[in-house]
1. Let me confirm something: among Pro38, Pro3, which residue is crowded, with 17+ Cβ neighbours inside 10 Å, in contact (Cβ under 8 Å) with a residue 12 or more places away in the chain and within 24 Å of Ser104 (Cα to Cα)?
2. Which of the residues that make up the stretch 131-155 are acidic (Asp, Glu) and part of a loop (DSSP other than H, G, I, E, B)?
3. If Leu22 satisfies all but one of (1) within 22 Å of Ile94 (Cα to Cα); (2) outside any loop (DSSP other than H, G, I, E, B); (3) out of contact with any Gly (no Cβ under 8 Å at 6 or more places or on another chain), what's the number of the condition it fails?
4. For Phe137, are the conditions met, namely being farther than 19 Å from Thr19 by Cα and at pLDDT 95 or above?
5. Could you say which residue among Ala322, Ala335, Ala359, Ala363 is closer than 20 Å to Tyr252 by Cα, part of a helix (DSSP H, G or I) and modelled with pLDDT of 70 or more?
6. Go through the residues of the stretch 285-294 one by one and say whether even a single one is at pLDDT 70 or above and closer than 26 Å to Asp77 by Cα.
7. Between residues in the stretch 129-145 that are closer than 15 Å to Thr242 by Cα and residues that are open to solvent by 40 Å² or more (accessible area, probe 1.4 Å), which pairs lie under 8 Å by C-beta distance while being six or more apart or on different chains?
8. Please verify whether Pro96 is touching a strand residue (DSSP E or B) at 6+ places or on another chain (Cβ under 8 Å), of a type outside the set (Asp, Glu) and open to solvent by less than 50 Å² (accessible area, probe 1.4 Å), treating the condition exactly as stated.
Amino acid sequence: LTPLEKLKRLAASTPEELTKSLGTKAIDGKEFDMTEYPRIASYVANTAAVPKKRALTWVMKLIEEIYDARYTHDITDLQKEDASTDPAERDSAIFPIFVLDHISKRYGLQKLVDQTAWDLLYTVHCLRKNHLEIEIFAQFLQEWYDPDDLLFFMYLRSVIQKLLNVSFKNRWGSESTRGPERTPKQLWLSYRECVTVARTVFGNEDDAMYKDFLTTIESQVVGKKRDPDARQATDSRRIEVTQLFHLAVVGYHETRPEEEEPGAGPMGGPGDDSMGGMDAPAGDLSDSEQQALFREAQLMYQMRMKVLEDAQANTSDYIDPALKEEMRTQEMETALREAMARQPTGSTADDGQVKMWAAEMLARQYDL
């Protein structure tokens, strides 16, 4: 098989299907359970490369490079006028497939691609327990989180990079590393900066996710809140950036409606009717499943529009109001279709129904 054919086959298979053909592999005298990383392990399993544990700086530079490339890919994909029909583009939405494709484009020579992929996987596995930033990447690689969780993380990462005026990738360059572990200095956010991040990411201070985000941060900060009756002059509360990333992604993922418990979600319990008054979805969805569908679509839509608006703010291009409205409609329709795909019942609807739901949801949001 060609490299492209291998990626297509991996993308077409589920992690559960791939796990059946995987097992453990002895590396450096220890057993490595390849079933923990079904897609990327299935790729490297049939190569002649021998995995090597690489330095922390090597793997972190590659991880941050992959994150940068993924965010650029997601922005480009969102800015397209029509949803992509290119199978390769659809496959690359799967994060391990994207990682392998990025390595292939980055290094070219097949032997080097195979070696890099193996080294990345093995090093991530070895270092994840002691480095939270690698643990987060490993969870994306294992597909514990889906593409929308990843997009949220990418956007949050972009916001913090701009706020702190740093490049996460460049932090791992030779001039930025210090000490025997050759690691850069930790990055911290003050509580006030956390509030700024929350406002940027979630927008509305009345939003349940905004409040949940800050509540979580408040429970994990170090330092003390300013006491107006004491001599303490400043609020010393702060949190390490990687810890914030971890808490935020876990919180975002858990706030979204679960496939097994479709009634759960940030906008109320199973009987919540905050998205009520709309025609019921096709199929046999219950009322709670219907509410979960609309909540899930709303969350996807809000995050995608935030990313688009952020990207557009960095350009001088004028966007016609009619085109902006068309983009909103397209993103809401896409969010609804993806939310339906996540439903355990596999609900489907015709194009006209999806367009009607999207129009009603946008009318509620923008009071059109």
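The values are calculated or read from the model by the stated rules, or taken from the named source; none is laboratory data. Everything quoted here is computed from the prediction, not taken from an experiment. We place every Cβ from the backbone using ideal geometry, glycine too, and count neighbours over all the protein chains shown. Accessible surface areas use protein heavy atoms only, side chains included; no ligands, DNA or RNA. Shrake-Rupley method; radii C 1.70, N 1.55, O 1.52, S 1.80 Å.
1. After ruling out the rest, the residue left standing is Pro38.
2. Within the stretch 131-155, Glu143, Asp146 meet the criteria.
3. The one condition Leu22 does not meet is (2).
4. Yes: the conditions hold for Phe137.
5. After ruling out the rest, the residue left standing is Ala335.
6. Checking the stretch 285-294: at least one residue is at pLDDT 70 or above and closer than 26 Å to Asp77 by Cα.
7. Within 8 Å, the pairs are Leu132/Gln243; Leu132/His246; Glu135/Lys129; Glu135/His246; Ile136/His246; Ala138/His125.
8. Taking the combined requirement at face value, the residue does not satisfy it.
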